[in-house]
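Below is one structure, written out as C-alpha cells, with a few remarks after it.
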C-alpha cells in the first residue's frame, strides 16, 4: 500500500447527519471517519483523468449486474485517517512541491485509546472481565442475575476506585499501543514508564474554531433566496497544528485498458511522486497529499499478538484473546431469509455484536479457507450457486466493552441497476457504528485455536505487517472500517 500524509491548507469541515441550523453546530469538528478520506481519494481519481484508461466495472451488486460498464476505481482500498505528528521538518508549504522533505521527518502515529485502559499517561489495563464466582463466597455461588445481553458471560469490572472522570488521553502512539497489548502477556517484564509524548489529548492535535455561516440555495448558488432564504447556521472547524497530519494507507490495483499484463496502482499514479492538492471533507477544503512507500518494517500500525505462548491460560483451561478496534466497525441487523450464497439465513441483531458471532452461543463463526477454496466460492457466487461454510467454533465471545455508537451517513449518486436500494440517489441510510477503542474478549479452546483466532482478527493476519489482511466490518471494510489488533487478558483479581 501507499502511505499518504494529508497536510491541510486551511481549516477542515467534517460533519455527520445531525442538523445544522441556528445555534446547532451539528458534529462538524470531530476526527474524520474512514469513509471521508476514501471518498476524497475516489473523487481525486476521477478529477485526475485516470478514468479514461482505467478498467471499467459493471453496475450492480450481489450477483445482479447490468451490461453497462461505467464504474471506475472499484479496487480502491484505504485505511485511516490516523493522527500523525511529524517532527524535525518545516511546513510542507515552505518546501518545493516535488520535495521529499514534506514527509521525511520523524513520524509518530497515534490511535484511539482502548476503553479498558483508563489511566492518564499510562496504558495499564484498568478494566478486566470478572469471573461470575466470587472466591470469598462460602457457598461458591455464581451471580447469575444480571442485565448482560446474550451471549455475554462475564461483566467487565473496574479495578480502580469509583470516579466521575473516565481518565486516559484519547490518543496513544504505536509504541504505547503495543505496550498495552503486552500488559497481560506471561513472562513479559513491565516496560519503563512511557514518555508523555506518547499520549495526546485532542487539543494537542488541533484547535476547534467556531463560525456563523449563511445558507446557500443549491439551485441558484446564491444566498437570501429560495431554500436558503433567511437561513443561518453555526459551524465548527478543525485547525490542525503545524506538526500534525492526517495519515492513511491506500491502494487501487488496476489493469490498464483491461489488459491483465499491464497492472498499475492508481493511487501511486495519482500522486506520481509529487505533492498533490485534493479536496477532503465538506466546503471544498484543500489538503496537500504526500505519498511514500511502506518501509521494510511494515505499516506503522500496532501489531497484535499471534504467538501461542503469548496468550494467557485461564483457570477454566481456556485461553484468553481480546480484540481492540483501531477503527470503527459496522455490523447491521440481518433478517431471516435466504442469503446471497443461497443458504438459509438466521436472524442476527447486529449493532454492537459482530455478524460473525453467533448471537445465541457466542461462538466465532469465522472460517479459514485456502486460496483455491476462496476462488471456488467466489466463482460459485458469481454463477448464482450456493455453498456452505463450516466454521470450527473453537472460540466464543464472553465479554465486551463497547462505548456509545457513532453515526455514519453520507450522500449517494443514483444507481438505476439497483432499484431496491437507491436508484435516484440522495441521502444514505444512517448507520450506528461501534467506535474505535471498543474491546471484545474471547475464550479459545486451545493455544492453537487462540492463534487461529488472532490471525483471523489482527489487521495483519499471520503476515509480517506489510499489508492489511483483515477488515472485520460487515459494511465499508474497503474504506477502512473494522481494523483491530489482538492481545490477551486476565480475570479481575478482586472477583
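Values quoted throughout were computed directly from the atomic coordinates according to the rules given, and no laboratory measurement underlies them. Computed from a prediction, not measured in an experiment: that's the story for all the values here. Positions of Cβ are backbone-derived with ideal geometry, glycine not excepted, and every protein chain shown enters the neighbour counts.
Here are the numbers for this structure:
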item	result
Rounded FRET efficiency, nearest 0.05, which uses the C-beta distance separating residue 361 from residue 273 and R0 of 51 Å	0.45
Computed E for residue 446/residue 262 - FRET, C-beta separation, R0 41 angstrom, nearest 0.05	0.30
86, 280 arranged by Cβ crowding within 10 Å, fewest neighbours leading	86, 280
For peptides 235-245, 150-160, sequence by mean Cβ density within 10 Å, most packed first	235-245, 150-160
Ranked by how many other beta carbons lie within 10 Å on average, peptides 273-279, 33-39 from highest	33-39, 273-279
Ascending count of other beta-carbon atoms within 10 Å, so fewest first, for 175, 1	175, 1
Likely footprinting exposure, 249, 347, 491, 199, fewest C-beta neighbours within 10 Å first	347, 491, 199, 249
Inter-part distance where segment 349-415 and segment 254-292 are each reduced to a Cα centre, Å	31
Distance between modelled label sites at residue 148 and residue 217, nm, 7 Å Cα→Cβ extension	6.1
For segment 192-229 and segment 150-176, distance of Cα centres in Å	29
Point-to-point label distance, residue 175-residue 466, nm (Cα→Cβ direction, 7 Å offset)	2.5
